[in-house]
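Shown next, in structure tokens, is the structure this report addresses.
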Amino acid sequence: MLFNLANLPYWIFLGMGVLLFLLVIVSGGGDDDMDIDADVDLDVDLDVDADFGTDTDTDADGEGGIEILGWLGIGKAPLILLLATDCSLLGLFGWMFNVMIGGVTGSIPTGFLAGVVSVMSLFLTLVTGGFISRPIGKIFASFGEDTSSDRFIGCHGTVSSATLPKENQGKIGQVDVLDPARNLVTVNATLPTWATVTPKRGNKVLVIDRHHHNYLVVVKDSTDQQAWLDNAY
């Protein structure tokens, strides 16, 4: 029953879901900005309708429709992740129901019973997919994060040591840097030899380069930062 060819449609959906999940991993968990924009657009549409005198019943129907879409996960998670989740769940639920019913009746469901299985699988998929796609998106986003050391270059940080020495002094300081994935990481840092402004604990700095054992930083919005920008561009 488990590998009966009657389960082929559900295998196809499951395979599509797995492929989409791989695409989500490569792309870094989907685009959350697009979801935010979608929510904003929906809110703007409602406001526009209200401004043009749309009656209360129409507004209520519109808000109810948006709530239903949100309940299904639309606008709450990246679309590609929602599709990956729904395809995987549809394939899994359909396959599972076919095997369970086949184990009881002795044959894979056909005809009307097969239709009932499809409807039940679709309903459970829509309900479950909307709830779990968001937390799954956060998990898969970690697979697409840049973990290279160069990711800190161009990021801002806060000096956590008493001060920062220059790179030719044989010492190092420490800086708490917020990377592009919004992770706070403490790194070893020094100032370039040409720096004229020495930061102290709590000062904001900009990471401008990486050496083997530490990063080069300059004080944020200082003459050193401007000098570095002038040379870089």
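Read-outs throughout are calculated quantities, based only on the coordinates presented, and are distinct from any laboratory measurement. All values derive from a computational prediction rather than experimental measurement. Here the Cβ is made from the backbone with ideal geometry for all residues, glycine too, and neighbour counts use every protein chain on show.
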Once you place label points 7 Å from the Cα toward the Cβ at F123 and L178, how far apart are they in nm?
4.7 nm
Separation between the V104 and D230 pseudo-spin-labels, each 7 Å from Cα along Cα→Cβ, expressed in nm?
8.1 nm
What distance in nm lies between label points placed 7 Å from Cα along the C-beta direction at N188 and V26?
3.8 nm
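Relative to the Cα centre, what is the charge dipole magnitude of region 157-211, using +1 at the beta carbon of each Lys and Arg, -1 at the beta carbon of each Asp and Glu, and rounding to the nearest 20 debye? Display every interim value, and only then the final one.
Numbers: 7 positive and 4 negative charges, 33 e Å.
With Lys and Arg at +1 and Asp and Glu at -1, about 160 debye.
Please give the length that would be gained between L113 and I132 if that part of the chain were fully extended, namely 0.36 nm times their separation in residues minus their C-alpha to C-alpha distance (nm, one decimal).
On the way: separation 19, 0.36 × 19 = 6.84 nm, distance 2.81 nm.
Stretched out fully, the L113 to I132 stretch lengthens by 4.0 nm.
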